[in-house]
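Here's the structure, in structure tokens; my notes come after.
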Amino acid sequence: MATKLRCCRRSAVARLALSTPLDVRLLDKGMSVGEALAAFNAAHDKAGGVVSFLGKVRPDGDVRALELTHYEPLTLPGMKELAANAKTRFDLDGALVWHRVGVMTPGESIVLVATAARHRRNAFEAADFLMDHLKSAAWFWKRERRDDGWHWIEPRDADHADLARWN
Amino acid sequence: MSVTLIFLGPLRDLAGEQDREVPAPLDWAGLIEQVGPEIAAQLEDDRVNVACKGKVLADKTALLAEDGDEVALLPPVSGG
């Protein structure tokens, strides 16, 4: 049984290769959350703690779909810089930052952040830091399709207040 | 001899297209003239940024795009 488990874990890692210490991606299709977290955990075997956050499209009133657009030359480089800042600031072993673009429906995953650190506090804070910056300072434009058509969304004041906590 | 303008987010709706070729070279005054009054008014907003060759300009009015450059008009982001 133990042999079999080891075998499964190895094959899971082989299926999904992460870049370390930072794996930052823009995805135009759904993400396999369990597989990503298993690979991230395996890639950071010296960490004392791994924290993850999964953001989803909230089923909200008459929202039928959400569309995220980005600008290739800025969005991914900006996310990579953010991940590098988080790694330095919170002394991380590594981080995974995956963000969807394109059209999503309620219940679908938008963003997956995972952080690995020697101690849990750093992992928790780094995940929080990454999310606050992705929510209001990353190069994404968002619109919702409701019953009466598409509407562009701007960050809420609360998102800006969350961001200001880190200054 | 042209510069490619890229319209992001709500500016794409105002422009009615994702991108447009305009004559090079292109400076701030030229940009304002090319995009028409509605988008020009948006560009005057401090929260609207301009990127040239993949870099956000610290001072967008110092824009100087040459032949082959891509100029992106970036409204306030909505975050992920």
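Using θ = phi - 60° and the Karplus relation 6.51 cos²θ - 1.76 cosθ + 1.60, list the HN-Hα couplings for the stretch A:57-73 in order, rounded to whole Hz, with x at every Gly or Pro.
Ordered by residue, 3J(HN,Hα) equals 5, 6, x, 9, x, 9, 5, 9, 7, 10, 10, 10, 10, 9, 10, 2, x Hz.
Return the lysines within reach of A:Lys80: Cα separation strictly under 21 angstrom, same-chain partners fewer than 8 residues apart disregarded; answer none if there are no such residues.
Partners within reach: A:Lys29, A:Lys135, A:Lys142, B:Lys53, B:Lys55.
Can you give the % of DSSP beta bridges in the stretch B:2-74 that are antiparallel, to the nearest 5?
75
Within chain B, which is the longest segment containing none of the GluC sites (Glu not before Pro) that sit in a DSSP loop and have at most 15 other Cβ atoms within 10 Å?
B:18-43
Arrange the peptides B:48-59, A:64-75 so that the one whose residues have, on average, the most other Cβ atoms within 10 Å appears first.
In decreasing order of mean packing, B:48-59, A:64-75 become A:64-75, B:48-59.
Long-range amide H contacts for A:Ala65: which residues qualify at under 5 Å (H placed 1.01 Å from N, peptide plane, sequence gap of 5 or more or a different chain)?
A:Arg145
Quick check on the exposure proxy: order B:Ser2, B:Ser78 from fewest to most C-beta atoms within 10 angstrom.
Ascending number of Cβ neighbours within 10 Å: B:Ser2, B:Ser78.
Within 10 Å of each Cβ in peptide A:130-143, how many partner chain Cβ atoms are there on average? Round it to a whole number, please.
If you average over the peptide's residues, the count of other-chain Cβ atoms is 4.
Under 21 Å Cα-Cα from A:Lys46, which lysines qualify once same-chain neighbours fewer than 8 residues away are excluded?
A:Lys87
I'd like the distance separating the alpha-carbon centroids of the stretch B:31-61 and the stretch A:90-167, in whole Å.
If we compute the Cα centre of each part, the gap is 26 Å.
Share of antiparallel DSSP beta bridges in the protein assembly as shown, in percent to the nearest 5?
80
Can you pull the one-decimal nm distance between simple spin-label points at B:Arg47 and A:Thr105, each 7 Å off the Cα toward Cβ?
Distance between label points: 3.2 nm.
So for the pair A:Asn85, A:Leu37, with labels modelled 7 Å out along Cα→Cβ, what separation do we get in nm?
2.7
So for the pair B:Asp27, A:Asp157, with labels modelled 7 Å out along Cα→Cβ, what separation do we get in nm?
With each label placed 7 Å out from Cα toward Cβ, I get 4.1 nm.
Only the coordinates and a few stated rules stand behind these numbers; no lab work does. Just so we're clear, the structure is a prediction, and the values are computed from it rather than from any experiment. Neighbour counts run over all protein chains shown; Cβ positions are idealised from the backbone, glycine included.
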